[in-house]
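One structure is given below, encoded as structure tokens.
The values are calculated or read from the model by the stated rules, or taken from the named source; none is laboratory data. This is a predicted model, so every value here is computed, not measured. Note: ideal-geometry Cβ built from the backbone for every residue, glycine included; neighbour counts use all protein chains shown. Just so you know, the surface numbers come from the protein's heavy atoms only, side chains and all, with ligands and any DNA or RNA stripped out. Shrake-Rupley method; radii C 1.70, N 1.55, O 1.52, S 1.80 Å.
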Number of protein chains: 4
Amino acid sequence: MNIKYSVFISNVASCNDRYCSAYGRKFSIEEMFARVKSIPSISGVDIVLTEEFKKNLAVVKKCLKETGLTLASVAVDTFANPIYQKGSFAAIDENVRQKAIEDAKFAIDFASELGCKIVTLWPGQDGYDYMFAADYIKERKLFSDAVKELCEYNKNIDITLEYKLKEPRTHSYISTVGTTLMMLNDINCDNAGIALDYGHAVLGYENPAESVAMCKMYGDRLRHIHINDNYGVWDDDMIVANVHTIAYLEFLYWLKKTDYKGYITFDQFPYREDGRDAVSESAEWMSYLIELIDNADSKEIEKVIASGSPIEASKLIRKILKGN
Amino acid sequence: MNIKYSVFISNVASCNDRYCSAYGRKFSIEEMFARVKSIPSISGVDIVLTEEFKKNLAVVKKCLKETGLTLASVAVDTFANPIYQKGSFAAIDENVRQKAIEDAKFAIDFASELGCKIVTLWPGQDGYDYMFAADYIKERKLFSDAVKELCEYNKNIDITLEYKLKEPRTHSYISTVGTTLMMLNDINCDNAGIALDYGHAVLGYENPAESVAMCKMYGDRLRHIHINDNYGVWDDDMIVANVHTIAYLEFLYWLKKTDYKGYITFDQFPYREDGRDAVSESAEWMSYLIELIDNADSKEIEKVIASGSPIEASKLIRKILKGN
Amino acid sequence: MNIKYSVFISNVASCNDRYCSAYGRKFSIEEMFARVKSIPSISGVDIVLTEEFKKNLAVVKKCLKETGLTLASVAVDTFANPIYQKGSFAAIDENVRQKAIEDAKFAIDFASELGCKIVTLWPGQDGYDYMFAADYIKERKLFSDAVKELCEYNKNIDITLEYKLKEPRTHSYISTVGTTLMMLNDINCDNAGIALDYGHAVLGYENPAESVAMCKMYGDRLRHIHINDNYGVWDDDMIVANVHTIAYLEFLYWLKKTDYKGYITFDQFPYREDGRDAVSESAEWMSYLIELIDNADSKEIEKVIASGSPIEASKLIRKILKGN
Amino acid sequence: MNIKYSVFISNVASCNDRYCSAYGRKFSIEEMFARVKSIPSISGVDIVLTEEFKKNLAVVKKCLKETGLTLASVAVDTFANPIYQKGSFAAIDENVRQKAIEDAKFAIDFASELGCKIVTLWPGQDGYDYMFAADYIKERKLFSDAVKELCEYNKNIDITLEYKLKEPRTHSYISTVGTTLMMLNDINCDNAGIALDYGHAVLGYENPAESVAMCKMYGDRLRHIHINDNYGVWDDDMIVANVHTIAYLEFLYWLKKTDYKGYITFDQFPYREDGRDAVSESAEWMSYLIELIDNADSKEIEKVIASGSPIEASKLIRKILKGN
């Protein structure tokens, strides 16, 4: 199983939460690139086009060239910029909504210029917090229309929606794999896809292996993957597989089975760890898990899956963990 | 707002859980009908076609005639019959799957004979419990094909899927409003719809008002409604509105706004209460909430919703509760 | 029921989340005091002694005097200061732990000087995120020893622990009402108490009314209350009673029944609302709910509670909502 | 690490849920004993003294003698008998409460006669479902008094409380490790202890390793353990370690570290599996995990725990899994 690894570049820096505005020092763009480059298995970076990165595109380009890292995806910033406080692509303020579409087109152009094929929309601010405070039909329609417009803007770039049940909103519109696939199938553009975040799926009580299967089945729409781990009820953005070890094995097996070809991107919030070390540790887990899956007998796995037997599945899992 | 109320007939009897096989005495079919009839606002009954009811169809018909109650929906029993322990419409055992389809066709014929327009599939056993123990694509396809076959069997009957994230399986295939609508839109039959259970929606962290909106938006597929309440993380099947009072108001408002015309069916598990009294109490809550909604000014509500303001929404809710 | 209301002063300003560093503009201390003062029912303020407030104690004193607002509680900042990233009172770094104790003593002295009787410890950083990464016995002992030392430092000030199941840590040591009362009873100081945050209780699947009862029963330790609301699985810090309306009524009834005499402090995170307006709206909800409780017949409520009947309880709740 | 394994005897038979009254055939007591005996690593059985078992005590004694299995614990049936529908030791009906105490004394006498040292109370019916429907102080006091009476009845038998956040009640009184330890410390009898159910702890968002530590720290009260697994939000009662693999390793390590000497009892609900095979599979997992822990270097583990470093912990876990 050949996997290309990438990382959201800010993951190797330091982060904050809603209480503490900075757990660690600030890192320059050059430093972040150098830190990514120092992790052997990673060949790509993902960039959120925040105002700061937009001001420093020349630096980004230089760093990409010098490090030889590939730009795996570009994410539109519709969550850190306070202009999107009350919504971006579904904003009822038409000026804000147009600004979001412009920001996304800028990201598409930037990706296109650098040979990157994936633009991600994580519409964290599109949703609602209170009851009687949103027109669900109207706002979902606005969102859907924006995605369609972006898909048609450049058909060579995949527009990938990253769904998440909640946070920062208490309720997101792009919430689950089913809701998102339904919208994408309705939009009906070949370059509309899903960016599946492992932790987001788990947070919504999805089994990510099944989410991969659903993306395959309904339009072959899985185009990008973010990985991290959590305790099942919140997006803790931890080092991978420290909680969901067996579920990760099944997830990787289904990526192999459905022939996923894209990047796998580390996406963590290392509040109390060194960012680079936390990503490196996730990379070590991935190597270990991939080796376990590759050492396992696919025919035997398929036989167990076809049997539908939990007893056989449980025995199989132990066998996989023992490395055969 | 004119609402037709109905109730799953066994709700007025007694129930059990996985520890205690019978919290109360058994009630005859005639007794259950009499108990339903004693609740003034209820004009319909819903029946799960268990083996026991199948053996007593003549009694059921007689009781319907004598009480004047309408048959609001017929549900196929694919969860109480142990033959469906490992799946029904998605069973990998082809004999079991065919038996499920036959049971559903029997229910369709029975509904048709009695002038009932709704047949509900609650595929509680279709899903999985352990990892590496199911072929998600194959089994979802089997399920979808079965639903299509049933929709085509009698186009005058609405086949309604009742989704639920989990239980009795730890993971259900027909899990959320999005997943279900996506499948129904893929099946693409006019008589394929959704039976929305309020508690099931809440259990999956859906806001039921938004689920109603999504059903409207994506194919106008809301055909039946089950109501009860719970604490948000399990299908507690309680008396309505004792936990989610304001969410119930918003839910009812969206039913009004989207012009829902079907039945609202009480669906509870009164483990420690008298079944009839628990249903009657839910009926009292519904009258109260409907009156609050009908007394409110729809134009004002629409204005607040359009404003997207939580402050205005919070004020509005208090105003609605105060009865204007 | 006479209630004294207070508010965490920063609540009336603007806030941030882990993605967006500032949703609104910065407010000066004077502005914040003026905004609190503009809400009629509020007579107190609560202050977290962050570095910024510590630098401006003279301003705080002046504002208290000029506005006539009472200092309801002082909270030690062991969560915004990055020095406590890996723990405060339970930190394994002894220097950090001593610094936390010093910060707490400073808060105690400041409270004492201003006639405030409540110092709150919200030990958000004391806990752990990963498995095999903490010595639960040793760290809990360190924490308990620190609380004891603080209780003995000034016996006229109540040291109140604010428990919370998680966040910012994935697992907090001071997690639930039971865990906290157990530790306080073990410490065995009269001035050790609980600061019950409504939303924290709900987030841990507690029923806050029952938590109030437990505090009464095991040492009469309820000394301070923070209020807000959430959807049951995360500390959403919303305007009160918009989700848990009936649970709020029961909570207020048990405060009355157990003769709670302290402040009730608004504690919200109004990410997308004006902070002052969101607090004012919560104050309006409180007036409404208190009026409903005061209009209800306590003897009737006690009779229903003693009956243990959900049917009677459900009828009673509707009666209370209707205002008798 | 020497572990004695036992199993709730009915686990090797078949079970039901609230929808399906019997997923498999009934097994006789003799058959159940034979099935337990067929699993090599199990040396004990646990018995819930239901009406059926009470009628067949002679058979039970004969089977214990013939199989050589030890009686690891006796559980009082206060959840399957419908007389306890509205409570047992906390029942407000004094006759019911006295009957519960008598049933418990019968269990104590039976345990005593057969040389068993552990009697477990799992008070599943003691709690409440609705708001305004229980007097939390009065009922908790009744419960506590009953436990004290039972502890004093025979000081040679440990009375162990099995806590669980919810189910069958939506809210249990004996809910979390903290709440339970607090009550036990208040009761203050040496033979009052905890029966920790792994799945119950997880369901309440506890980390079972930490719960073990808390039992050690506050009175050394851990006396019995039930094991199974679940997805974190409900008591799914699955085969062990299929979900929480790493958490199980930490849990076992803390049992070793705190020198736990009692039985570890399998406690599962194999709805769709053969009961004996599901228990046998859990036994295989336990052997595998114990071997991993025993092969690991305790000094290294202690060093990592003392470091408080998630990075080191994550590396350590991989090393343990690799069998080093």
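How large a share of the accessible area of chain D, in percent, is made up of carbon and sulfur atoms when the probe is 1.4 Å and the other protein chains stay in place?
48
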Whole-Hz ³J(HN,Hα) from phi, Karplus 6.51 cos²θ - 1.76 cosθ + 1.60, for the stretch D:271-284, glycine and proline x: 4, 10, 10, 5, x, 5, 5, 5, 5, 4, 5, 4, 5, 5
Choice from B:L165, B:L64, B:L222 showing the highest fluctuation, given a GNM over chain B with Cα pairs closer than 10 Å: B:L64
Pairwise centroid distance, computed over Cα atoms, of the stretch B:172-195 with the stretch C:68-128, Å: 53
Karplus 3J(HN,Hα) series, Hz, for the stretch A:297-308 with 6.51 cos²θ - 1.76 cosθ + 1.60 (x for Gly, Pro): 8, 4, 5, 5, 4, 4, 5, 5, 4, 5, 6, x
Buried accessible area, chains A and C (both chains, 1.4 Å probe, Å² to nearest 100): 3700
For the stretch D:172-235: Kirkwood Rh in Å [reciprocal of mean 1/r, alpha carbons]: 11.9
Electrostatic dipole magnitude of the stretch D:94-248 [Cβ: Lys, Arg +1; Asp, Glu -1; Cα centre; debye, to 20]: 260
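Size of the dipole of chain C about the Cα centre, Lys and Arg at +1 and Asp and Glu at -1 on the beta carbon, nothing else charged, in debye to 20? Could you put the intermediate results ahead of the total?
Details: 38 positive and 48 negative charges, 79 e Å.
Rounded to the nearest 20 debye, it is 380 debye.
Of all chymotrypsin sites (Phe, Trp or Tyr not before Pro) in the stretch D:142-178, which ones are in loop regions per DSSP and have a Cβ with at most 12 other Cβ atoms within 10 Å?
When the chymotrypsin sites (Phe, Trp or Tyr not before Pro) of the stretch D:142-178 are filtered for loop state and at most 12 Cβ neighbours within 10 Å, nothing remains.
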Selected from D:D236, D:D197, D:D126 as most flexible by GNM, with chain D as the system and alpha-carbon contacts under 10 Å: D:D236
Peptide B:193-202 - average C-beta neighbours from other chains (10 Å radius): 0
Qualifying trypsin sites (Lys or Arg not before Pro) for the stretch D:204-264 [loop in DSSP, other Cβ within 10 Å: at most 13]: D:K261
Solvent exposure ordering (accessible area, 1.4 Å, most first) of A:T67, D:T70, C:T160: D:T70, A:T67, C:T160
Heavy-atom accessible area, 1.4 Å probe, ligands and nucleic acids excluded: residues of the stretch B:110-146 down by at least 30 Å² from chain alone: B:Y128, B:D129, B:Y130, B:M131, B:F132, B:A133, B:D135, B:Y136, B:I137, B:R140
Charge dipole (the stretch B:129-200, unit charges on Cβ, about Cα centre) - positive-most of B:Y198, B:A134, B:G178: B:A134
P(r) tail fraction, the stretch D:62-126 - alpha-carbon pairs more than 15 Å apart, %: 53
Fluctuation leader among A:N185, A:N154, A:N16 - chain A, Gaussian network, Cα springs under 10 angstrom: A:N16
Inter-copy spacing of A:Y288 label points, which lie 7 Å from Cα along Cα→Cβ, given in nm from shortest upward: 1.5, 5.3, 5.5
Helix-only mean residue ellipticity at 222 nm for chain C, each DSSP H run of n ≥ 4 adding -39500 (n - 2.57), per residue, nearest 500: -14000 deg cm²/dmol
The stretch D:150-192: Cα Rg divided by the 2.2 N^0.38 Å rule of thumb: 1.26
In nm, spacing of pseudo-spin labels at D:K55 and B:E52 (7 Å Cα→C-beta vector): 2.0
Shortest-first nm distances, D:G68 label point to equivalent points in other copies (7 Å, Cα→Cβ): 6.7, 7.4, 8.6
Relative contact order of chain A, defined on C-alpha pairs under 8 angstrom at six or more residues apart (%): 17
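If contacts are Cα pairs under 8 angstrom and at least 6 residues apart, what is the relative contact order of the stretch B:1-108 in percent? It would help to have the intermediate numbers written out before the result.
Numbers: 123 pairs, mean separation 24.6, N = 108.
Relative contact order for the stretch B:1-108 comes out at 23 percent.
So for chain A, what percent of the C-alpha to C-alpha distances run longer than 35 Å? Show your work: numbers first, answer last.
Working: 9778 of 52326 pairs.
Summing the P(r) tail past 35 Å for chain A gives 19 percent.
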1.4 Å probe, heavy atoms, protein only - residues of the stretch B:274-309 losing at least 50 Å² accessible area vs chain alone: B:E281, B:W285, B:Y288, B:I305
Under the Karplus curve 6.51 cos²θ - 1.76 cosθ + 1.60, θ = phi - 60°, whole-Hz ³J(HN,Hα) for the stretch A:46-59, x wherever Gly or Pro sits: 10, 10, 8, 7, 6, 4, 5, 5, 4, 6, 10, 4, 5, 5
Residues of the stretch A:209-224 buried by at least 20 Å² on assembly (accessible area, 1.4 Å probe, chain alone as reference): A:E210, A:A213, A:M214, A:M217, A:Y218
Fraction of the pair-distance distribution of the stretch C:106-215 above 19 Å, Cα-Cα pairs, percent: 45
Signed unit charges on C-beta, dipole axis of the stretch C:49-125, positive-most listed residue C:T78, C:V119, C:A104: C:V119
Distance from the stretch C:1-28 to the stretch A:265-303 (C-alpha centre basis), Å: 40
q = 0.05, 0.07 Å⁻¹, the protein assembly as shown: log10 I(q)/I(0) [Debye, one scatterer per Cα]: -0.33, -0.69
Mean accessible surface per residue for chain C, computed with a 1.4 Å probe while every protein chain stays in place, in Å²: 31
Computed E for C:S38/C:D190 - FRET, C-beta separation, R0 30 angstrom, nearest 0.05: 0.20
Charge dipole (debye, nearest 20) of the protein assembly as shown; +1 at Cβ of Lys and Arg, -1 at Cβ of Asp and Glu: 0
